Amino acid sequence: KKAIVWIREDFRIEYNEALATATQNHEYVSAIYIYNPKNFDKKREAQKWWLSKSLENLSIDLKKLNITLEVQLGDELEVLSILKKKDDVTVYWSKVYEPDVINKGKKIRDLFIKNEIQYKYFKGNILVEFQEMTKDDGTPYKVFTPFWKKTEQHYISKAPSKLIRVKSKIKKINIFKNSISIKEILPKKNWHKKFEKYWDPSEKEAKKYLQELINNKIEDYGDARDIPGVNGTSKLSPFLKFGQIHVETIWKKCQDIKVKKIGYRKYINELGWREFSHSLINYFPQMLKGNLRKDFDNFPWVKNDKFLKAWKAGMTGYPIVDAGMRELYETGWMHNRVRMIVASFLVKHLRIHWMEGEKHFKNCLVDYNEASNVAQWQWVAGCGADAAPYFRIFNPILQGEKFDKDGIYTKKWVPELKNMPNKFLYKPWELETKYQEQIKVIVGINYPKPIIDHVEARNAALDAFKTIKKN
Ligand code: FAD
């Protein structure tokens, strides 16, 4: 008679098979979220903010269905171990595709079997589960294009089933004692406060973003997605991470309009990268701890705390890099093109290990996703699957000139350069001192000198790369 819906990364009512099935099958339904500080503390500070807001919003939406969201603190296994056969409950949840979470899930299923607790779990926020997708010879894909071609076909051929709807006449129950206050989850440091200006982590907002994508962005997405000064991407990434929207909902909406709006293919392709990343970290979980390409294990990374600090603070003296890092710190999100530029700068110009960058992104991104973050950092560093070759080194001056020609993005995030003529925006040190004085930007005084010379850094990176080739 009784059901518990265990919310993990599916903070939504619509298109939520676990929740819908529980309400259809049971008279009494409760929901639980287990906050395990080990997964967040000092690692995912920005996401603590997103999580606490998501809990607040989901709790309101569930209340309308007469379901209480009980927030518990602790290790998932310990919290769930209080359920006993006599409680007569069935636990429902959706899958999460991260190796650690999968391992923990196995232990929880064993516990439920031991304690004779019924449970049911469902597909998570993905189009095709990684277990269903291998090459014809049974080995996993390491190259994106054939992976995506087959995955997309497979998804289309399966035609997603019509989902059942949430039943509204539910009787309320509380199963757990001592729910914690959602406010306890908020990071102690106040820097996240400003995120409220930029985001509303709710299902309603996710739907609005999707509609905005379909109405105003998808047609030009192919070009606009590369221009950080244009709001040309969907910004759905944090909503996808927390499941405020299901990727199948996005897929279906895109399919409905595909004939009219040409950018849709490119957009769907990006969703494909998300699927590919999930497949990679599950078939090659060693990627989470180091390079996928073993020849990179001997790469001569440089340890330089001063450079790392300047990079994190957006004070490298390269305006497009600094703009990206400041956008990240201010909003918890960074434009994809700029993510590639700042990541390349860290691993190639500064030759600092990609894992340092990965860790910083993990702490600051509201859309942090283990699969995409690790796979993309290794893609940029050249040590991942289907990666950009290490020797292809982004020139931060040309990248700025090409993708933020008018400086809209750079001047927004690095306001001290707002009067810099565009000709010098990406190399302000080349502007003659007398002109610098006139516009009140003195390089080395109120905007940093480049922490490293581009040409020297490039050559040093290429030399370093040669050493791994020899090995
Ligand atoms: P859109 O352009 O609207 O794309 C739609 C969706 O497709 C995104 O929401 C995302 O789910 C997916 N997507 C797009 N590009 C990629 C990609 N290259 N790889 C995987 N999925 C993609 N994305 C994350 O979601 N979490 C991360 O932690 C993350 N870390 C990254 C780290 C680096 C170094 C780089 C270069 C990229 C990273 N990305 C990450 C991928 C990408 O930058 C973001 O998904 C994208 O910027 C999110 O903005 P959007 O929703 O407007 O994207």
Of the listed residues (D256, D295, D226), the one being under 24 Å from R337 (Cα atoms) and among the acidic types (D, E) is D226
Residue check, R274 among the basic types (K, R) and within 16 Å of the chain's Cα centre (by Cα): yes
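Yes/no per residue for (1) touching a His at 6+ places or on another chain (Cβ under 9 Å); (2) more than 9 Å from the ligand (Cβ to nearest atom); (3) on the phi > 0 side of the Ramachandran plot:
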| residue | (1), (2), (3) |
| --- | --- |
| W354 | no, no, no |
| G357 | no, no, no |
| L365 | no, no, no |
| S372 | yes, no, no |
| W377 | no, no, no |
| G382 | no, yes, yes |
| F391 | no, yes, no |
| N395 | yes, yes, no |
| Q399 | no, yes, no |
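Which is at pLDDT below 95 and outside any loop (DSSP other than H, G, I, E, B), of K86, K48? Outline the logic, then answer.
On the way: K48 fails: at pLDDT below 95.
Of the residues listed, the single one that is at pLDDT below 95 and outside any loop (DSSP other than H, G, I, E, B) is K86.
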When region 206-227 is checked residue by residue, the ones that are part of a helix (DSSP H, G or I) and either more than 13 Å from the ligand (Cβ to nearest atom) or of a type in the set (A, V, I, L, M, F, W, C) (or both) are A206, K207, K208, L210, Q211, L213, I214, N215, I218, E219, A224
Expected output for region 228-247 (first residue outside any loop (DSSP other than H, G, I, E, B), partner β-branched (V, I, T) and more than 8 Å from the ligand (Cβ to nearest atom), Cβ below 7 Å, 6+ apart or cross-chain) is P238/V366; F239/I245; V247/I126
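What number of residues within region 182-192 are in a loop (DSSP other than H, G, I, E, B) and in contact (Cβ under 8 Å) with a residue 12 or more places away in the chain? Write out each step before concluding.
Going through region 182-192, the residues in a loop (DSSP other than H, G, I, E, B) turn out to be 186-189.
Subsequent filtering for residues that are in contact (Cβ under 8 Å) with a residue 12 or more places away in the chain retains 186-187, 189.
Counting residues in region 182-192 that are in a loop (DSSP other than H, G, I, E, B) and in contact (Cβ under 8 Å) with a residue 12 or more places away in the chain gives 3.
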Going through region 330-352 in order, the residues found to be more than 9 Å from the ligand (Cβ to nearest atom), within 19 Å of P319 (Cβ to Cβ) and assigned to a loop (DSSP other than H, G, I, E, B) are L350
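Looking at region 442-468 only, could you name the residues that are in contact (Cβ under 8 Å) with a residue 60 or more places away in the chain, over 25 Å from E430 (Cα atoms) and not small (G, A, S)? Spell out the reasoning first.
Step one: list which residues in region 442-468 are in contact (Cβ under 8 Å) with a residue 60 or more places away in the chain, which gives 443, 447-452, 454, 457-458, 460-462, 464-465, 467-468.
Among the residues that remain, those that are also over 25 Å from E430 (Cα atoms) are: 462, 464-465, 467-468.
Within region 442-468, L462, F465, T467, I468 qualify.
The values are calculated or read from the model by the stated rules, or taken from the named source; none is laboratory data. Owing to the predicted nature of the structure, the values given are computational and were not obtained by experimental measurement. Reconstructed Cβ throughout: ideal geometry from the backbone, glycine too, with neighbour counts over all protein chains shown.
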